Every structure is written in C-alpha cells, then in structure tokens.
Amino acid sequence: MTLEYTIDVDYHVWIPVPLEFPWNGYDTAMAWAADLTADLLPGPRIPHEVKSAFAATALERAVMEPPLPEAIERFWRRPDTGAPDRLVHLYAIESDETAAEELVEVARIGIGGFVQGVAVLEDTAFTTALRVTLLLELPDDVVVSVTRFIGSRDGTVLVLELIDDDIGAVGFLEPEMETLFRRIRLRTA
C-alpha cells in the first residue's frame with residue numbers, strides 16, 4: 001500500500017518552498033524568488049531596498065539544504081510583521097510503528113536529543129498523532145529546540161519539523177504548525 005497525502009495550505013500563513021529546481025514552471029531558484037517577491041510586494045510604494053532584501057531571503061530559503069535528507073515538502077512561515085521567519089520541513093518514513101511510545105522514539109530519528117514534551121493529538125487524519133518536543137545540546141552551550149508533529153497510518157509516518165535555537169520563535173509557531181499538520185489529508189492507494 002502507498003499512502004498519498006494532500007495539504008490544504010493556508011497561503012496567508014505558509015509559502016510552499018521548492019526543494020529543487022526546475023519546479024512548477026520555474027527553472028531556477030532566482031526566478032521563483034523574483035516572482036514571489038513581485039506577488040507579495042507589489043506596487044511602486046514598496047521601497048526597492050525592501051524588495052531586494054525580501055528577494056534575497058526568498059532565494060536563500062529556496063537553495064537552503066533541509067536539516068535532514070529526504071524532505072518531501074518545505075514551508076516558509078510568511079515573514080509578516082511580528083511573525084518569526086522560519087522554515088518547516090515534512091518528511092515521510094516507512095514504518096509500521098503506531099503506538100505513541102514507539103512514535104516518540106521515531107521522533108528522535110536523525111537528531112537524537114532529550115524528549116521534553118509529548119502530547120497526543122486527537123481528530124487528525126492519522127491512526128496515531130503526536131506533538132513531540134526535543135532539546136539538543138550543541139557545543140558552546142547552544143540549546144536547540146526541535147518540534148515534531150508526527151502522524152502514523154498504513155505503514156507510513158509523516159513528520160512535520162521545526163528546528164530552532166530561538167525557543168520564543170518555536171513557541172510562536174507551534175500552533176500554526178499544528179494547524180498545518182491537521183490540514184494533511186491521507187488516502188491509501
């Protein structure tokens with residue numbers, strides 16, 4: 001069986017960012033960043049410096065390597081006033097793990113870390129779904145927070161992930177990530 005998914009993305013909150021080019025009619029990341037800038041910052045009243053800075057950031061987001069290999073989707077939190085400018089990634093893992101305890105261990109794949117919190121999520125498209133928060137201790141006393149929304153169904157585990165050293169940004173984005181995760185629709189083919 002193959003698990004297929006769709007995501008009902010709220011484009012007022014999240015911008016899908018290509019993982020590679022060509023993509024959806026765009027041959028290069030630069031062309032994608034230029035069109036995105038023109039769409040989000042239209043009109044002559046936006047200063048050229050603002051448009052240039054946004055285009056440079058969009059280009060950076062489009063060429064950035066995901067934290068872990070084999071990401072299947074990437075979303076950029078729209079950099080509105082007051083909102084943290086962050087990327088989240090979606091991964092798919094083949095696994096028959098469905099128990100919450102087993103999925104907590106799946107949450108540590110690729111990064112390790114210390115489990116700081118686990119919440120079971122009800123009313124999702126998954127058989128079992130969790131929000132798992134991990135902390136990673138890096139050299140020079142840097143602590144990184146990892147929030148992973150994990151859902152398991154029909155031999156596939158989907159993981160929506162944010163890795164950041166700004167705990168405040170993670171806290172701000174967690175509800176928006178949960179909403180995005182809950183908008184995943186599944187179908188077994």
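Taking VAL115 as the residue in question, decide whether it is touching a residue at least 24 places away in the same chain (Cβ under 8 Å) and of a type in the set (Val, Ile, Thr). No, not satisfied. Listed conditions (1) touching a residue at least 40 places away in the same chain (Cβ under 8 Å); (2) over 13 Å from the mean Cα position of the chain (by Cα); (3) over 24 Å from MET64 (Cα atoms) are all met by THR128, apart from (1).
Considering ILE46, ILE109, which residue is β-branched (Val, Ile, Thr) and assigned by TED's automatic domain parsing to the domain that holds GLU161?
Details: ILE46 fails: assigned by TED's automatic domain parsing to the domain that holds GLU161.
Being β-branched (Val, Ile, Thr) and assigned by TED's automatic domain parsing to the domain that holds GLU161 holds for just one of ILE46, ILE109, which is ILE109.
Among the residues of the range 122-145, the one identified as under 15 Å from GLU174 (Cβ atoms) and in contact with a Lys or Arg (Cβ under 6 Å, 6 or more places away or on another chain) is VAL132.
The set of residues in the range 10-57 being under 24 Å from PHE126 (Cα atoms) and exposed (fewer than 15 other Cβ atoms within 10 Å of the Cβ) consists of ASP10, TYR11, PRO16. Can you pull out the residues in the range 12-26 that are within 18 Å of GLU65 (Cα to Cα) and outside any strand (DSSP E or B)? Passing the criteria: VAL17, PRO18, LEU19, GLU20, PHE21, PRO22. Taking the conditions exactly as written (surrounded by 14 or more Cβ atoms within 10 Å (Cβ to Cβ), touching a residue at least 60 places away in the same chain (Cβ under 8 Å), over 26 Å from LEU136 (Cα atoms) and not aliphatic (A, V, I, L, M)), does TYR91 satisfy them or not? In short, no.
Exactly one residue out of ARG148, ARG153 is surrounded by 15 or more Cβ atoms within 10 Å (Cβ to Cβ) and either in contact with a Ser or Thr (Cβ under 7 Å, 6 or more places away or on another chain) or of a type in the set (A, V, I, L, M, F, W, C) (or both), and it is ARG153.
The values are calculated or read from the model by the stated rules, or taken from the named source; none is laboratory data. The structure presented is a predicted model; accordingly, all values stated were derived computationally and were not measured. Reconstructed Cβ throughout: ideal geometry from the backbone, glycine too, with neighbour counts over all protein chains shown.
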